[in-house]
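First comes the structure, then the notes that go with it.
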Amino acid sequence: MIAEILCVGTELLLGEIVNTNAQYLAKELAKLGVPIHYQTVVGDNGDRIKAALDIAFSRANLVVITGGLGPTKDDLTKEILADYFHRPLLLDPKADEDIRNRLKKYGHHKVSESNRKQAFMPEGATILYNDWGTAPGCIIEEQGKTAILLPGPPGEMQHLFQKAAEIYIKEKSTQTFLSYNIQIEGVGESMAADRIDHLLDLSNPTVATYAGKKEPYVFASIAAATDQESITPH
């Protein structure tokens with residue numbers, strides 16, 4: 001399983017808000033033993049979202065997508081994803097009921113068509129019901145490709161990831177991934193790299209240096225079938 005993170009939102013693309021979703025997902029996927037080779041941010045544009053999906057699935061078999069699930073016209077991710085997998089959008093009764101109940105709690109007793117569109121989900125998808133907001137997510141599997149679609153608000157995204165997406169990935173993943181950050185004192189990054197030069201070309205574990213605010217760090221990671229295997233000396 002190789003993953004790519006695709007974050008949708010013009011506000012992210014233009015730097016209006018910090019993309020904490022990508023940081024969170026990268027850490028969580030790494031913990032689950034899923035390698036991530038690329039992260040992509042794309043604005044709220046249907047053609048460009050479709051192009052980003054094409055590119056992502058050309059180099060990964062799992063794409064985790066955030067954003068674009070809201071009620072407005074520029075929230076297009078779900079519609080583009082349904083079209084990508086050639087699936088119609090169908091009203092999900094539970095999602096519809098959840099949205100109505102949540103809006104009532106907000107004091108809105110009439111559900112607009114814009115809000116109701118959030119209850120339409122791709123046919124055959126596994127629905128990730130959202131008890132923190134009005135936008136459910138979903139998982140679509142087809143011909144070796146899997147897309148996990150999560151809402152953009154960080155609290156909702158993290159909640160749905162932990163509640164459902166993480167469980168799904170654990171069932172599919174065949175390895176674990178451990179990483180360690182080692183702070184180096186007394187030398188700069190280049191000198192530290194020179195001293196561990198014989199380790200920098202390893203493929204598993206991988207070892208790399210990077211500059212911190214004051215001292216450099218060595219980052220080491222290893223993939224293995226189990227936690228026990230990954231920490232057993234060889």
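List of remarks:
- Placed amide H near Asp92: partners under 5 Å, 5+ positions off or other chain: Phe120, Met121
- Per residue convex hull volume, Cα atoms of region 45-139, in Å³: 94
- Phi angles across region 163-171 convert, under the Karplus curve 6.51 cos²θ - 1.76 cosθ + 1.60 with θ = phi - 60°, into 3J(HN,Hα) values of 6, 9, 5, 4, 4, 4, 5, 4, 5 Hz, Gly and Pro given as x.
- Less than 5 angstrom separates the built amide H of Gly9 from those of Val42, Gly43, Asp44, all sequence-distant by 5 or more or on a different chain.
- Degrees, to the nearest 10: 46-59 long Cα axis against longest axis of the chain: 40
- Amide H contacts of Glu4: Leu62, Val63, Val64, each under 5 Å away and 5 or more positions distant or on a separate chain (H built 1.01 Å from N in the peptide plane; Pro and chain starts excluded).
- Eligible lysines near Lys27 by straight Cα distance, threshold 29 Å, same-chain separation 8 or greater: Lys50, Lys78, Lys145, Lys163, Lys170, Lys172, Lys213, Lys214
- Convex hull projection area averaged over all views, the chain, Cα basis, nm²: 15.4
- Comparing mean-square fluctuations of Leu200, Leu32, Leu12 from a GNM of the chain with C-alpha springs under 10 Å, the top value falls on Leu200.
- Along region 101-113 the Karplus relation, 6.51 cos²θ - 1.76 cosθ + 1.60 evaluated at θ = phi - 60°, assigns HN-Hα couplings of 5, 5, 5, 4, 4, 7, x, 9, 8, 10, 8, 6, 4 Hz to successive residues, with x for each Gly and Pro.
- The chain, accessible area per residue, ligands and nucleic acids excluded (1.4 Å, Å²): 55
- In plain terms, the bigger the Kirkwood radius, the slower the diffusion; for region 1-74, with that radius from Cα pairs, at 20 °C and 1.002 mPa s, Stokes-Einstein puts D at 169 µm²/s.
- Per-residue ³J(HN,Hα) for region 15-21, Karplus 6.51 cos²θ - 1.76 cosθ + 1.60, θ = phi - 60°, Hz, x for Gly and Pro: x, 6, 10, 7, 7, 6, 4
- Taking His198, His37, His109 in turn, the Gaussian network model of the chain (Cα-Cα springs below 10 Å) assigns the largest fluctuation to His198.
- Gaussian network model of the chain, Cα within-10 Å springs - most flexible of Ile148, Ile196, Ile222: Ile196
- The convex hull of the Cα atoms of region 118-196, projected and averaged over all directions, covers 8.9 nm².
The values are calculated or read from the model by the stated rules, or taken from the named source; none is laboratory data. Note that the structure is a prediction, hence the values are computed from the model and not measured. The area values use the complete protein model at the heavy-atom level, side chains included, leaving out ligands, DNA and RNA. Shrake-Rupley method; radii C 1.70, N 1.55, O 1.52, S 1.80 Å.
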